[in-house]
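S.K.: Quick one: structure below, then a few questions.
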Amino acid sequence: MQGPAVRAKELGRSVLSAAMHKTLIVTNDFPPRPGGIQAFLYNMALRLDPEQLVVYASTWKRGAESAKATAAFDAEQPFTVVRDRTTMLLPTPRVTRQAAGLLREHGCTSVWFGAAAPLALMAPALRKAGARRIVATTHGHEAGWAQLPAARQLLRRIGEGTDTITYLGEYTRSRIAAALTPEAAARMVQLPPGVNEKTFHPGSGGDEVRERLGLAGRPVVVCVSRLVPRKGQDTLILAMPRILREVPDAVLLVVGGGPYAKELKKLAAETGVTDSVRFTGPVPWDHLPAHFGAGDVFAMPCRTRRGGLDVEGLGIVYLEASATGLPVVAGDSGGAPDAVLDGETGWVVRGGPAAVAADESADRIVALLQDPELRRRMGERGREWVEEKWRWDLLAEKLKTLL
């Protein structure tokens, strides 16, 4: 039987071991490259102990200016960032050796793969290099992988090689779990991205954005997202004629950049609503809260494309809008409904094709624009829900436990 001194000594070793615990994040998605996954990983990384964290990431863009900007960003971080020379980090033998070398060099005992597919195929090699805990996070694209025979086999390997695969919501969990062994599926844990409720809030600066864009006094429908076909900005443009018949001075504020911008502007002209649609182009991340705040209603009627291979994993923008106090209109693609309390924080509508979905989106948007009390009630409930469930600090504590 152990005495108090022996137990105290063992407890001390246990505490020391926990204090020395170190994590290697392996990711292709990390700032300054923009995007939702990048923001997810970065916000989590900031909430881990910087002395016990190393990030191994790809290079965003080639070129002197990009390299300079990336180096400046990395130098500002409280944790160590190691950049691979490639712009697309893949589980090649060279990258695997580099990751294993970093694990050993920095004494890391746990690994977090920022996106499970395909990087977590390196898990067995990193286990051999000394990793005791390996966590792989999934997003929307892994749900698409689960539908393809060859990709399903890779997901199955990832499930067997890791301790935990995380998922965003029930939609992605059910599809990814179907590709895993029952044992790996049972180890899955929900870990969605969070919202900084202190950054996204009702007083985030929306009035200043309205003034600058000449929108003061007008009802504003705002959509903040990359401009790609799946997000549904085209649905909103096609909905505008009907919205304008009921709310003549309404305006659609499209915030963000992307490859679909030219087509969307052409569609606005063809639909005859150019004067009622404003495109901001890309907006710096720290200016986004004010652009959310410039809206009365947030709408992004996202849709599933390519036979289910291109889906919305969750839709953090809906939660950011809720934190800002806006009611939301969300499409029914993938896990987007997981980010809305339908009928409480907003509504989920059919997500497309655009010409078909436009009427339902218009009906919901008009109902909100014409009812200030409904907007207030849904906005307040959304803010409460974010504070209850979606705060970064709550989710970061879950990640720490997993690691």
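The values are calculated or read from the model by the stated rules, or taken from the named source; none is laboratory data. This structure is a prediction, so every number in the text was calculated from the model and none was measured. Neighbour counts are summed over all protein chains in view; Cβ atoms, including those assigned to glycine, are modelled from backbone coordinates with ideal geometry. Each accessible area value is taken on the protein alone, full model and side chains, heavy atoms only, with ligands, DNA and RNA left out. Shrake-Rupley method; radii C 1.70, N 1.55, O 1.52, S 1.80 Å.
S.K.: For a quick check, take a GNM of the chain with Cα springs below 10 Å and name the residue from Asp371, Asp310, Asp338 with the largest mean-square fluctuation.
M.R.: Residue with maximal mean-square fluctuation among Asp371, Asp310, Asp338: Asp371.
S.K.: Here's another thing I want to ask about it. So for the stretch 196-308, what are the equivalent ellipsoid semi-axes in whole Å, largest first, each being the square root of 5 times an eigenvalue of the Cα gyration tensor?
M.R.: The equivalent ellipsoid of the stretch 196-308 has semi-axes of 22, 18, 12 Å.
S.K.: How much of the calculated P(r) for the chain lies past 32 Å, in percent of all Cα pairs?
M.R.: That tail contains 39 percent of the Cα-Cα pairs.
S.K.: Report the extension gain between Arg133 and His287 in nm, rounded to one decimal, defined as 0.36 nm multiplied by the number of residues separating them, less their alpha carbon distance.
M.R.: So the extension gain works out to 51.7 nm.
S.K.: What is the stretch 50-149 by shape, rounded, prolate or oblate, if you read a ≥ b ≥ c off the alpha carbon gyration tensor as root eigenvalues and call it rounded for a/c under 1.5, prolate for a/b larger than b/c, and oblate otherwise?
M.R.: Note, shape of the stretch 50-149 comes out oblate.
S.K.: What spacing in nm lies between the two simple spin-label points modelled at Glu211 and Ala269, each 7 Å away from Cα in the Cβ direction?
M.R.: Placing both labels 7 Å along Cα→Cβ, they lie 3.4 nm apart.
S.K.: I would also like to ask the following. Take the Cα atoms of the stretch 261-385, find their three principal axes, and give me the spread along each one in whole Å, biggest first.
M.R.: Principal axes ranked by extent give 38, 34, 31 Å for the Cα atoms.
S.K.: Could you estimate the translational diffusion coefficient of the stretch 137-229 from the Stokes-Einstein equation, with Rh from the Kirkwood formula over C-alpha pairs, at 10 °C and 1.306 mPa s, in whole µm²/s?
M.R.: Rounded, D is 98 µm²/s.
S.K.: Say each of Gln77 and Val228 gets a label point 7 Å from the Cα, pointing the same way as Cα to Cβ; how far apart are those two points in nm?
M.R.: 2.2
S.K.: Now for a different question. Let me have the relative contact order for the chain, percent, based on Cα pairs under 8 Å that are six or more residues apart.
M.R.: Relative contact order here is 14 percent.
S.K.: Taking the convex hull of the Cα atoms, report for the stretch 114-163 its projected area averaged over all directions, in nm².
M.R.: Averaged projected area of the stretch 114-163's Cα convex hull equals 3.1 nm².
S.K.: When only the heavy atoms of the protein chains count and the probe is 1.4 Å, how do Thr172, Thr59 rank by accessible area, highest first?
M.R.: From most exposed to least exposed: Thr59, Thr172.
S.K.: When only C-alpha pairs under 8 Å and at least 6 residues apart count, what is the relative contact order of the stretch 241-318, in percent?
M.R.: 28
S.K.: For Glu380, project a label point 7 Å along Cα to C-beta. Then give me every residue of the stretch 202-216 with its amide nitrogen under 16 Å of that point.
M.R.: Residues passing the 16 Å test: 202-203.
S.K.: How big is the Rg/Rh ratio for the stretch 178-233, C-alpha atoms only, Rh by Kirkwood, two decimals?
M.R.: When Rh is taken as the Kirkwood radius, the ratio is 1.24.
S.K.: Roughly how many percent of the accessible protein surface of the chain is carbon and sulfur, given a 1.4 Å probe and a whole-percent answer?
M.R.: Carbon and sulfur atoms account for 53 percent of the accessible area of the chain.
S.K.: Further question on the same structure: Students often check this: by mean Cβ neighbours within 10 Å, which of 184-194, 204-214 ranks highest, and how do the rest follow?
M.R.: Top to bottom by mean Cβ count within 10 Å: 184-194, 204-214.
S.K.: Right, another one. Does the stretch 74-207 come out rounded, prolate or oblate, given a ≥ b ≥ c as the square roots of the eigenvalues of its C-alpha gyration tensor, rounded meaning a/c under 1.5 and, failing that, prolate meaning a/b above b/c?
M.R.: Here the stretch 74-207 falls in the oblate category.
S.K.: Separate question: Report the Cα centroid-to-centroid distance between the stretch 329-378 and the stretch 38-108 in angstrom, as an integer.
M.R.: So the two Cα centres are separated by 38 Å.
S.K.: Summing -39500 (n - 2.57) over the DSSP H runs of n ≥ 4 in the chain and dividing by its residue number, what mean residue ellipticity at 222 nm do you reach, to the nearest 500 deg cm²/dmol?
M.R.: About -14000 deg cm²/dmol.
S.K.: Please compute the per residue accessible area over the chain with all protein chains in place, 1.4 Å probe, rounded to a whole number of Å².
M.R.: On a per-residue basis, the chain sits at 43 Å².
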